[in-house]
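Below: one structure, written as structure tokens.
The values are calculated or read from the model by the stated rules, or taken from the named source; none is laboratory data. Since the structure is predicted, the reported quantities are computational estimates derived from the model, not experimental observations. Cβ: placed from backbone, ideal geometry, glycine included. Neighbour counts: every protein chain shown.
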Amino acid sequence: MYESFYGLTGKAFQLNPDPAFFFRSRGHGRAMAYLDYGVHQAEGFIVVTGDVGAGKTTLVRNLLRSLAPGNLVAKQIVSTQLDADDMLRMVAGAFFGVQAELPDKAGLLLGLERYFRRLQLEGKRALLIVDEAQNLSPRAVEELRMLSNFQTNERSLLQSFLLGQPEFRQIMQQPDMRQLRQRVIASYHLGPLGAEETKAYVEHRLGLVGWQADPTFDDGAYAAIHDASEGIPRQINVLCDRVLLAAFLAEKHNLTESDVSDVAKELRTELRGGLTDEEADAAATGNMPMPAYAPTLSLVNTRGPADFPGARTGGFGGADGVLLNGLAEQVHLLQQSVASVARTLEQLRASASAPAPSSPADDGIETQAAQAGGME
């Protein structure tokens, strides 16, 4: 929506991991060096951990893009709570494609080994990328380790990347993971961006879509982006996308700390199911009062709110109380959504009705809304 308004050639803050937008922060650059070393060793496991949205997938995709084409057959699977046999089926499905019927475990292992050997004869390598590795069961991890036993006298037939959230590092330290740890040749934990790196990250992504300092961000805006996102790239993307949308609706060309803080507060409210910061804090301590709109829900029962046990203490009791409190919460969420839409409509009406300054070169007067409409 806002791309044409600001003269951008594309969406700078998309959520899809795109290696074209790879940003080489200090941490990402070091992680890339570890991965590059591991890949050229052509064996064992490479482990990359980091918080959700830290850029693990983008990092790996950027690495694969830099490798010589045609020499690497890379397949990616996203792990869930799979048992060992299902993990093997997932690996076989990734390399062989979807098949109507897969053989038993012995057949799967034999087929995979033959496939990896054929790739080697063709001068190619097999790489398995397992995302969300923290969800792997110990038996599934052991099956992956066993696959690394496929090798010739010269080299391994399969190399694996394990990408996971920080808890995967704890899993790796368990006693039954000792054999896997011995196969790990490179490991790195990807941390968040610092304040200056956050600013550079935002400008880097905008620059790739033709940003010409429109809109501008003051220092307070960059600081607010870092504070609200905690330096996590995906959270920066979500926040900046919404900030630009709000700025477009208000036809703003300079963004301040308050602009970012207002959007960040809206996002927090949405993530909390419509609760404000104050309400969320009260709910966390168990001191959240019964919403004022709850008495209107007495229409679902012939009795008034005062007839319910516990009404005078701020809540309803019994089965009726559960029903009423649930309905009250749904109405509260609906009211929050309606209020948000109403605020947006009010901004649009104000922008459309505000007259633009007259121009000496024009006899008539055009509103800013009319000018914007002519750009579509």
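Structure summary
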item	result
Residue match in segment 170-181 (condition: outside any helix (DSSP H, G or I) and in contact with an Asp or Glu (Cβ under 6 Å, 6 or more places away or on another chain))	no
Lone unmet requirement of (1) at positive phi; (2) in contact with a strand residue (DSSP E or B) (Cβ under 9 Å, 6 or more places away or on another chain) for Gly97	(2)
Residue check for Asp176: more than 22 Å from Gly50 (Cα to Cα), exposed (fewer than 15 other Cβ atoms within 10 Å of the Cβ) and touching a strand residue (DSSP E or B) at 6+ places or on another chain (Cβ under 9 Å)	no
Qualifying position, being touching a His at 6+ places or on another chain (Cβ under 7 Å) and within 22 Å of Gln41 (Cβ to Cβ), among Leu127, Leu59	Leu59
Long-range neighbours under 7 Å by Cβ, at least six apart or interchain, first residue free of Cβ contacts under 8 Å to residues at least 12 places away in the same chain and farther than 12 Å from Lys56 by Cα within segment 12-25, second of a type outside the set (Lys, Arg) and not in a helix (DSSP H, G or I)	none
Residues located in segment 206-224, provided they are part of a strand (DSSP E or B) and surrounded by 18 or more Cβ atoms within 10 Å (Cβ to Cβ)	Phe217
Tabulated pairs, segment 57-81, first touching a residue at least 60 places away in the same chain (Cβ under 8 Å), second among the β-branched types (Val, Ile, Thr), C-beta under 6 angstrom, 6+ apart or interchain	Ser79/Val130
Residues located in segment 98-149, provided they are without any contact (Cβ under 8 Å) to a residue 12 or more places away in the chain and among the basic types (Lys, Arg)	Arg114, Arg118
Residues of segment 60-84 satisfying the condition of being surrounded by 15 or more Cβ atoms within 10 Å (Cβ to Cβ), touching a helix residue (DSSP H, G or I) at 6+ places or on another chain (Cβ under 6 Å) and in a helix (DSSP H, G or I)	Arg61, Asn62, Leu63, Ala84
Lone unmet requirement of (1) within 24 Å of Asp51 (Cβ to Cβ); (2) in a loop (DSSP other than H, G, I, E, B) for Glu154	(1)
Sole residue being exposed (fewer than 13 other Cβ atoms within 10 Å of the Cβ), over 20 Å from Ala68 (Cα atoms) and either at pLDDT 90 or above or in the same structural domain as Met32 (by TED's automatic domain parsing) (or both), chosen from Leu110, Leu163	Leu110
Test: Arg155 is farther than 23 Å from Asp86 by Cα, surrounded by 17 or more Cβ atoms within 10 Å (Cβ to Cβ) and either of a type in the set (A, V, I, L, M, F, W, C) or touching a Lys or Arg at 6+ places or on another chain (Cβ under 9 Å) (or both)	no
Pick from segment 1-33, criterion of a type in the set (A, V, I, L, M, F, W, C) and part of a loop (DSSP other than H, G, I, E, B), ranking: surrounded by the fewest Cβ atoms within 10 Å (Cβ to Cβ)	Met1
Flag for Ala280 being at pLDDT below 90, among the small types (Gly, Ala, Ser) and over 15 Å from Asp218 (Cβ atoms)	yes
